[in-house]
Amino acid sequence: MAKCRLAISEKILESVLELVSTYSHYISRYVDYLNSLIAVQRRASSLRFERVTLIKYVKKLRFMADALHNWSFDDVNGLSGKQLKEVINPLGSYLIKVFEIVDLLNFYISQPMRGETISKTLNESLVVSEATIVCINDTYRIYIKGIQWLIESITEDNRRHPHLSMELIEFTRKCAIEDEVDFTASEDILLQDVALVESEDEYIELLHDWSLILMQKQAELWELFNNDSSKWTAVAKPAKK
């Protein structure tokens, strides 16, 4: 049985919260983007169902973003020296829960809602752009990998817990095995193994690296979000008489 290689320290917890903040900001910005889409959907009565569905997603994700924003580790002094997985596992489990909902949302806005909107309005300006859909899906994969790293880099034990497994990663690995893909030669980030960290300093350094990677991906997505929102704003403006 593999044992946890790291103990809880104040420095580690501070760096973990930095990463959590990045995840929280991503969800909050996604909610803002959806609100822009909801606003333009109000101008098309035929999109009532699509609008109501998005509002449900927004309420759920806003609640989860607030939970992540307020995430804290109580009694840091009391936690000091205990196994790191005691605080990482609950966090990882919650992040997985959040991103399973994001996965459903990504599918909804990129396929069913997109098709229904074009069919009902004959207007492709009222949907998420194809470029944004590609970036959303790519961003999701990277954020999921970040969660996997957070959980699995501290102990091999976590790789055997069902509540800490992620559907996309498990499904990707299953398909790769069936296709006899060489994981070691694959460029697919989801097939790459997570190495155990060797020290507290390494874990903190990699936490910072992951925060930077995720923020860089956010910047790409924000630009596309802004482009879509500007397009929707123009469509929503009342025609001049």
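A few comments on the model shown:
- Trp232 being among the aromatic types (Phe, Trp, Tyr), more than 17 Å from the chain's Cα centre (by Cα), farther than 17 Å from Asn137 by Cβ and surrounded by 15 or more Cβ atoms within 10 Å (Cβ to Cβ): yes
- Of the helices (runs of 4 or more DSSP H) lying entirely inside region 38-133, those containing at least 1 residues that are of a type in the set (Ser, Thr, Tyr), farther than 26 Å from Met166 by Cβ and out of contact with any Cys (no Cβ under 7 Å at 6 or more places or on another chain) span 112-121.
- Looking across Thr139, Thr172, Thr155, Thr184, one residue alone is within 15 Å of the chain's Cα centre (by Cα), hydroxyl-bearing (Ser, Thr, Tyr) and over 23 Å from Val52 (Cβ atoms). It is Thr139.
- For region 143-167, the set of residues classified as in a helix (DSSP H, G or I) and either touching a Gly at 6+ places or on another chain (Cβ under 7 Å) or crowded, with 18+ Cβ neighbours inside 10 Å (or both) consists of Tyr143, Ile144, Lys145, Gly146, Ile147, Gln148, Trp149, Leu150, Ile151, Glu152, Asn158, Leu164, listed by residue number.
- Flag for Thr233 being touching a strand residue (DSSP E or B) at 6+ places or on another chain (Cβ under 9 Å) and at pLDDT below 90: no
- When residues in region 168-214 are screened for being over 21 Å from Lys11 (Cα atoms), assigned to a helix (DSSP H, G or I) and touching a residue at least 40 places away in the same chain (Cβ under 8 Å), 3 of them pass.
The values are calculated or read from the model by the stated rules, or taken from the named source; none is laboratory data. Because the structure is a prediction, the values reported are computed rather than measured. Neighbour counts run over all protein chains shown; Cβ positions are idealised from the backbone, glycine included.
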